[in-house]
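Undergrad: Here it is: the structure, laid out below.
The values are calculated or read from the model by the stated rules, or taken from the named source; none is laboratory data. Every value quoted in this text rests on a predicted model; they were computed, and no experiment measured them. Here the Cβ is made from the backbone with ideal geometry for all residues, glycine too, and neighbour counts use every protein chain on show. For accessibility, only protein heavy atoms count, side chains too; no ligands or nucleic acids. Shrake-Rupley method; radii C 1.70, N 1.55, O 1.52, S 1.80 Å.
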Amino acid sequence: MRIMGVVAEYNPFHNGHVYQIDHAKKDLIADGVIVVMSGNFVQRGEPAILDKYTRARLAIANGADLVLEMPVTASTASAEVFAETGVSTLLSTGVVTDLMFGCEDEDPELFRKVGYFFLEEPMGFKTSLNKYLKEGIPFAKARADAIVENWETPDEREKLKIFLAAPNNILGIAYTRALLARDMSVQLHPIHRHGVSHDDSTFSANFASASLLRRILFQDDSMESTRSFFNDHDKSHSINGESISMFIPENEVPVINTACGKNTLICADDISLLLHQALLYHSDLSDYMDCNEDISKRILNERNEFVSFTQFADLLKTKNINHSRIRRVLTHLVLGLHHDDLTRLRTEHFAPYIRVLGFSEGGRALLTEIKEKSTAPIIVSPQEAAKNEQWNNNKNRLLERDVYAADLYRALLTQRLGEALPTEYTRKFV
């Protein structure tokens, strides 16, 4: 059997994701697709616009067979940790034979060569990287320049510059590196992003990036502005006059429409009050994930200028501090994620457990096979976790962080809806 593994956020799920799943099943003849998906908080350092169960349901309704939740410690971490955890979780199932990811370049050999380069990290690379960082060059560019400078084939350096400048290629390299370090028998399938690139501000045919869709959904910083997005007679909130319903699968339109009507699309500024409160009661933030002493000082020195999450993140960014990293630090402060949580994840080899969010009928059969072959405990509810003989304190702490993140997200929705919602202990998988 060919079982395709995918690491995703689906924030929101769109036609590009449908294309990827269809490609896996129709063109690559996959017998099943397993997705490791971010939960209620995502890698760019903010809440997901829809809750994890809704996004899992949409994925399954559009062809995915099994959706697993990535621990929040990883889903809000750096690209490397995000990729390591996604790949490790897929491999821990014991059934994944192939790995597929969207990217700007489809050359699997180049991904492998750069992946091996990262695994080996030759001394010349480290020297060049430190040199560029001391010059004040941002880390991502410094690393790319250091790779190009130390690439063993001069004729490939120009091509490599373009390759390393593409954001999804960088994430694809991280997936490849993680895969090469663990299981070289799994087949790699880089798939060109169909229609548009990551963070593209335009659209192509019926494809638009998740970043663009989020910007359109929140373009007026008012939930009122989203309520008529899918009204065929109102094109005021659209992309060049085209309703954004054309960029998502048909079965998602009523889901988003309902969320707009009930005011339950969630954005970064919805955790502003939680962040502001956390900032008031700390004298040192350096123990939080992605933070260090310099970033801690900068945050605390500026905290009296706080207005909102996005305003504060914009205020804190500098030439040498990546904006996404600042957002992650602020999110980690809200979620209570510390460096020792990341240490626990590493100790568990980035795959502490297999947390099931939902499955299709085909996924049900896959779960039966995974129960026989998995190297990590399978849980469908936190209540079941302690019953597993593979359970330990690291897993318990990481799951506690997941539950806390879910509780915060549930609190945001409860405030909007004015009604109690199921907890992680009573919520059923999809």
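Undergrad: Nearest-5 percent of antiparallel DSSP beta bridges in the chain? Numbers along the way, then the final one.
TA: Numbers: 9 of 31 bridges.
Percentage antiparallel, nearest 5: 30.
Undergrad: Let me ask something else. Assuming R0 = 60 Å, what is the FRET efficiency of H276 and R2, from their Cβ-Cβ distance, to the nearest 0.05?
TA: On the way: r = 49 Å, r/R0 = 0.82.
Once rounded, the FRET efficiency stands at 0.75.
Undergrad: Turning to a different aspect of this structure: N251 to T426: extension gain in nm, 0.36 nm per residue of separation minus the Cα-Cα distance?
TA: Details: separation 175, 0.36 × 175 = 63.00 nm, distance 2.61 nm.
Net length gain for the segment: 60.4 nm.
Undergrad: So which GluC sites (Glu not before Pro) in the range 332-395 end up in coil per DSSP with only 13 or fewer other C-beta atoms within 10 Å?
TA: On the way: sites: E348, E361, E369, E372, E384, E389; in loops: E348, E389.
In loop regions of the range 332-395 (DSSP not H, G, I, E or B), the sparsely surrounded GluC sites (Glu not before Pro) are E389.
Undergrad: Name the residue from L188, A24, H349 whose Cα lies farthest towards the positive end of the charge dipole of the chain, charges +1 on Cβ of Lys and Arg and -1 on Cβ of Asp and Glu.
TA: H349
Undergrad: About its Cα centre, what dipole magnitude does the range 341-393 give when the only charges are +1 on Lys and Arg Cβ and -1 on Asp and Glu Cβ, stated in debye to the nearest 20? List each step's numbers first, then the result.
TA: Working: 7 positive and 7 negative charges, 16 e Å.
Roughly 80 debye, rounded to the nearest 20.
Undergrad: Throw me the Rg/Rh for the range 265-304, computed over C-alpha atoms with Kirkwood Rh, two decimals. Could you put the intermediate results ahead of the total?
TA: Values: Rg = 11.2 Å, Rh = 11.0 Å.
Looking at the range 265-304, the ratio lands at 1.02.
Undergrad: Would you work out the charge dipole size for the chain about its Cα centre, treating the Cβ of every Lys and Arg as +1 and the Cβ of every Asp and Glu as -1, and quote it to the nearest 20 debye? Could you put the intermediate results ahead of the total?
TA: Numbers: 47 positive and 59 negative charges, 106 e Å.
Once rounded to the nearest 20, the dipole reads 500 debye.
Undergrad: So what's the range 1-103 giving for Rg/Rh, alpha carbon basis, Kirkwood Rh from the mean inverse pair distance?
TA: Values: Rg = 12.6 Å, Rh = 13.5 Å.
Rg divided by Rh gives 0.94.
Undergrad: In percent, what relative contact order does the range 276-420 have, based on Cα pairs under 8 Å that are 6 or more apart in sequence? Please list the in-between numbers first.
TA: On the way: 108 pairs, mean separation 28.9, N = 145.
Normalised by residue count, the contact order of the range 276-420 is 20 percent.
Undergrad: What's the extension gain from H192 to T153 if we count 0.36 nm per residue and subtract their Cα-Cα distance? Don't skip to the end; give the middle numbers.
TA: Details: separation 39, 0.36 × 39 = 14.04 nm, distance 2.45 nm.
Additional length available on full extension: 11.6 nm.
Undergrad: Give the accessible surface of the chain per residue, rounded to a whole number of Å², with probe radius 1.4 Å and ligands, DNA and RNA excluded.
TA: Numbers: 18700 Å² over 430 residues.
For the chain, the per-residue accessible area is 43 Å².
Undergrad: Still on this structure, please answer the following. Once you have the Cα-Cα distance between T414 and N263, take 0.36 nm times their residue separation minus that, and quote the gain in nm to one decimal.
TA: Working: separation 151, 0.36 × 151 = 54.36 nm, distance 1.11 nm.
Net length gain for the segment: 53.3 nm.
Undergrad: Would you mind computing Rg(Cα) / (2.2 N^0.38 Å) for the range 306-359, counting N as its residues?
TA: 1.52
Undergrad: If you average the sequence gap of Cα pairs under 8 Å that are 6 or more apart and divide by the length of the chain, what percent do you get for the contact order? It would help to have the intermediate numbers written out before the result.
TA: Working: 701 pairs, mean separation 95.8, N = 430.
About 22 percent, as a whole number.
Undergrad: Right, next: Could you give me the percent of Cα pairs per 5 Å distance bin for the range 43-201, shortest bin first, beginning at zero and ending with the bin that holds the maximum distance?
TA: Distribution as computed: 1, 8, 15, 19, 22, 17, 10, 5, 3, 1 percent.
Undergrad: Mind checking the alpha-carbon convex hull of the range 237-342 and giving the volume per residue in Å³? Mind showing how you got there, number by number?
TA: Details: hull volume 16.6 nm³, N = 106.
Value for the range 237-342: 156 Å³ per residue.
Undergrad: Same structure, new question: Show log10 I(q)/I(0) for the range 132-198 at q = 0.12 Å⁻¹, two decimals, from a solvent-free Debye sum over equal Cα scatterers.
TA: At q = 0.12 Å⁻¹ the computed log10 ratios are -0.40.
Undergrad: What do you get for trypsin sites (Lys or Arg not before Pro) in the range 305-381 restricted to DSSP loop and a cutoff of at most 11 other Cβ within 10 Å of the site's Cβ? Please report the intermediate quantities before stating the final value.
TA: On the way: sites: K317, K319, R325, R327, R328, R344, R346, R355, R364, K371, K373; in loops: K317, K319.
Qualifying residues, ordered by number: K319.
Undergrad: Quick one, what does Rg over Rh come out to for the chain if you take C-alpha atoms and the Kirkwood Rh? Intermediate values should be presented prior to the final figure.
TA: On the way: Rg = 21.2 Å, Rh = 22.4 Å.
Looking at the chain, the ratio lands at 0.94.
Undergrad: Further question on the same structure: Using Cα-Cα distances under 8 Å and only pairs 6 or more residues apart, what relative contact order does the range 27-172 have, in percent? Mind showing how you got there, number by number?
TA: Details: 127 pairs, mean separation 30.0, N = 146.
Answer for the range 27-172 is 21 percent.
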